[in-house]
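Accompanying notes for the structure given below.
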Amino acid sequence: MHQHKRNRMPAYAAAAAVAVAVVVGVTFAGAPLASAAPRTINVVAGQNLYAPQDLGIITAGDAVTWVNNSVHDIRSASIPAGATAWVSPIQSGAVSFSQTVTAPGNYRYYCSIHSSAAAANAATQSPNEMVGQFTVQ
């Protein structure tokens, strides 16, 4: 009678195979996480100030909309490489201007009627200037 030897996997190899299967199952199971939908962030442009002045961190693809209630424009002062500069027309009354941002980095902006690029690019923006900023991640 001929006996067949069974190939047996050592216990440590079996445990490793199970661990890999679990990790692969966790890593690749299910649909990938969806990214957040783009948002619109509103900034009020009035009384010679932007409110809020510092939008903090926003996400690439978000749109910043300046809602006007006086006579202003909105100009980019300092933007990251690869970003699109913007200049709105001078606006009067209840109109708005939007800019969608996609390049990561810090953006600074100002109203050329009530402030300057130098004030927008100051190390610390004055709360008394019509300037603002945000960072895109």
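Provide T65, T124, T40 in ascending order of the number of other Cβ atoms located within 10 Å of each residue's Cβ, fewest first.
T124, T40, T65
Give me W66, W86 ranked fewest to most by other Cβ atoms within 10 Å of their Cβ, as a rough exposure proxy.
Fewest to most other Cβ atoms nearby, the residues stand as W86, W66.
How far, in nm, would the chain grow between S78 and A117 when pulled straight, counting 0.36 nm per residue and subtracting the alpha carbon separation?
My answer for the length gained is 13.2 nm.
I'd like to know how the range 40-136 sits against the 2.2 N^0.38 Å rule of thumb: what's its Cα Rg over that expected value?
0.95
Which net charge results when you count Lys and Arg as +1 and Asp and Glu as -1 among the other residues whose beta-carbon is under 12 Å from that of Y110?
My count for the surroundings of Y110 gives 0.
Just so you know, all these numbers are worked out from the coordinates, no wet-lab data involved. Please read all numbers here as calculations on a predicted model, not as lab measurements. Note: ideal-geometry Cβ built from the backbone for every residue, glycine included; neighbour counts use all protein chains shown.
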